[in-house]
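Here's the structure we're looking at; comments come further down.
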């Protein structure tokens, strides 16, 4: 198999950014976070009780930087009806 074919094969099995965003939102909701699109951004209301707070911190740390995905998070949350109009 050529290097290009291997690269295409590997790209086909990598999760898309949107699926990763959707999974993070699902995981945050499952832990008890309130998350919604607000204006052009989004807001996460994190639980304060343990172990939920530690779980949320770990989920967000594992996902990594999100600032460059602001519009993608906003669009996914709006598609789910999780938004506050201002």
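The values are calculated or read from the model by the stated rules, or taken from the named source; none is laboratory data. A quick note: this is a predicted structure, and the numbers were derived from the prediction, not measured. Because the Cβ atoms are built from the backbone with ideal geometry, glycine has one as well, and the counts that use them run over all protein chains shown.
Taken over the range 1-26, residues that are closer than 19 Å to residue 78 by Cβ and either modelled with pLDDT under 55 or surrounded by 10 or more Cβ atoms within 10 Å (Cβ to Cβ) (or both) amount to 10.
Please go through the range 44-72 and pick out each residue that is over 22 Å from residue 19 (Cβ atoms) and either out of contact with any helix residue (DSSP H, G or I) (no Cβ under 6 Å at 6 or more places or on another chain) or surrounded by fewer than 11 Cβ atoms within 10 Å (Cβ to Cβ) (or both). Selection gives 45, 48, 49, 50, 51, 53, 54, 57. For residue 41, the conditions (1) surrounded by 15 or more Cβ atoms within 10 Å (Cβ to Cβ); (2) touching a residue at least 24 places away in the same chain (Cβ under 8 Å); (3) under 24 Å from residue 86 (Cβ atoms) are fulfilled apart from (1). Report whether or not residue 75 is modelled with pLDDT of 95 or more and surrounded by 11 or more Cβ atoms within 10 Å (Cβ to Cβ). Taking the combined requirement at face value, the residue does not satisfy it.
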